[in-house]
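Engineer: One structure, pasted below without further comment.
The values are calculated or read from the model by the stated rules, or taken from the named source; none is laboratory data. Everything numeric in this text was worked out from a predicted model, so none of it was measured. Note that we place each Cβ from the backbone using ideal geometry, even for glycine, and neighbour counts take in every protein chain shown.
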Amino acid sequence: MNKNLYESISNLKTAIRNSGEYKALVLQNELLEKSDEVKVLSYRKDVAIMEYEDALKHFHRNSVEVLNTEKRMSKAIYDLNNHKLVKEYNLCFANLNKVFEHINEELFDFFKGE
């Protein structure tokens, strides 16, 4: 590859890192990592998933034991995903993903045969 292409890629990388979408995602990630509430919810989700997987190893898929652990797992996942900070992080992630999709379309549009 030539020097101009490397420079263009480096400039794109810098532009992405300086974008509001990227900075918002980094900020939200820092807030998530500092939140004790999110850590507890994440831990509960992980434990619930392990309990569900263990129940599946020992009981039939439609057994009361499996259904109860599945219900607890679903609630733990729901609680985590609906925490305010997690919702805000997911929104920021989606916004940055739109930027990446636009870049992808611009860079690789010629592969579509248009």
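Engineer: Being among the aromatic types (Phe, Trp, Tyr) and loosely packed, with under 14 Cβ neighbours inside 10 Å is the filter here; which residues of region 93-103 pass it?
Structural biologist: Initially, region 93-103 is screened for residues among the aromatic types (Phe, Trp, Tyr), giving 93, 100.
Once the filter is applied, which keeps residues that are among the aromatic types (Phe, Trp, Tyr) and loosely packed, with under 14 Cβ neighbours inside 10 Å, region 93-103 yields only PHE100.
Engineer: Please enumerate the residues belonging to region 60-102 that are hydroxyl-bearing (Ser, Thr, Tyr) and more than 23 Å from the chain's Cα centre (by Cα). Talk me through it step by step, then tell me what you get.
Structural biologist: Taking region 60-102 as the starting set, the residues that turn out to be hydroxyl-bearing (Ser, Thr, Tyr) are 63, 69, 74, 78, 89.
Those that are hydroxyl-bearing (Ser, Thr, Tyr) and more than 23 Å from the chain's Cα centre (by Cα): SER63, THR69.
Engineer: Answer yes or no as to whether SER42 is at pLDDT below 95 and in a helix (DSSP H, G or I). Before the answer, list the steps.
Structural biologist: Details: at pLDDT below 95: no; in a helix (DSSP H, G or I): yes.
So SER42 fails the test.
Engineer: Residues of region 27-59 being exposed (fewer than 12 other Cβ atoms within 10 Å of the Cβ) and either touching a residue at least 60 places away in the same chain (Cβ under 8 Å) or within 16 Å of the chain's Cα centre (by Cα) (or both), which ones?
Structural biologist: If the condition is that a residue be exposed (fewer than 12 other Cβ atoms within 10 Å of the Cβ) and either touching a residue at least 60 places away in the same chain (Cβ under 8 Å) or within 16 Å of the chain's Cα centre (by Cα) (or both), then GLU30, GLU33 are the ones that fit.
Engineer: Any residue in region 1-23 that is touching a residue at least 60 places away in the same chain (Cβ under 8 Å) and within 17 Å of GLU101 (Cβ to Cβ) sitting within a Cβ distance under 6 Å of a residue that is among the aromatic types (Phe, Trp, Tyr) and in a helix (DSSP H, G or I)? List the pairs, counting only those 6 or more apart or interchain.
Structural biologist: Cβ pairs passing all conditions: ILE16/TYR22.
Engineer: While we're here: Could you tell me whether any residue of region 8-18 is in a helix (DSSP H, G or I) and surrounded by 13 or more Cβ atoms within 10 Å (Cβ to Cβ)? Write out each step before concluding.
Structural biologist: From region 8-18, those in a helix (DSSP H, G or I) are 8-18; that's our starting set.
Remaining after also requiring surrounded by 13 or more Cβ atoms within 10 Å (Cβ to Cβ): 16.
Yes, region 8-18 has at least one match.
Engineer: In addition: (1) modelled with pLDDT of 95 or more; (2) of a type outside the set (Phe, Trp, Tyr); (3) in a helix (DSSP H, G or I): which one isn't true of GLU105, the others all being true?
Structural biologist: (1)
Engineer: Filter region 60-92 down to residues that are loosely packed, with under 15 Cβ neighbours inside 10 Å and among the aromatic types (Phe, Trp, Tyr), then give me how many there are.
Structural biologist: Result for region 60-92: 1.
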